[in-house]
1. Compute the length gained on full extension between residue 106 and residue 76: take 0.36 nm times their separation in residues and subtract their Cα-Cα distance, giving the result in nm to one decimal.
2. For the pair residue 88 and residue 39, how long in nm is the line joining their label points, each one 7 Å along Cα→Cβ?
3. Quick one: angle between helix 8-20 and the longest Cα principal axis of the chain, in degrees between 0 and 90, rounded to 10, please.
4. When the distances between all Cα atoms of segment 1-64 are binned every 10 Å from zero, what whole-number percent does each bin get?
5. Using only Cα atoms and rounding to the nearest 10 degrees, what angle (0 to 90) does helix 40-52 make with the longest principal axis of the chain?
6. Starting from the 7 Å offset along Cα-to-Cβ, what nm value, one decimal, do you get for the label separation of residue 26 and residue 118?
7. Considering the chain, what Rg and Dmax in Å follow from its alpha-carbon atoms?
8. Output the 0 to 90 degree angle, nearest 10, between the alpha-carbon long axis of helix 104-118 and the longest principal axis computed from the alpha carbons of the chain.
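What follows is calculated from the coordinates using simple rules that are stated; it is not laboratory data. All values derive from a computational prediction rather than experimental measurement. So basically every Cβ, Gly included, is an ideal-geometry build from the backbone, and we count neighbours across all protein chains shown.
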């Protein structure tokens, strides 16, 4: 199954949902007003839209996600690498490392992930 597309403002909404789910829609409206400055109608519209796209479910006024934060992040990164770097992960990493200084810990983590992949791990 393909991960549904989530746009930037919807992602900020999802961050709130993931931190508090399952949550009553009225409480979600309150949190979105406090954290995003949204009117109740905006929150209910986003709930409806994301429900229609299979990102969340709203049953008996209780909202919960159907797609995890990690699934959305992986989908977004894959789309960006495909569009911007012609599908080349090494080209992405090269560009990323030129724009952001990696700490020794981050470099060690990347090296461990590569080593695990070579061994057949995930």
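1. So the chain would gain 8.7 nm between residue 106 and residue 76.
2. 4.8
3. Helix 8-20 sits at roughly 80 degrees to that axis.
4. Histogram of Cα-Cα distances, whole percents per bin: 23, 63, 14, 1.
5. 60
6. It is 5.9 nm.
7. 18.1, 51
8. In the chain, helix 104-118 runs at an angle near 80 degrees to the longest axis.
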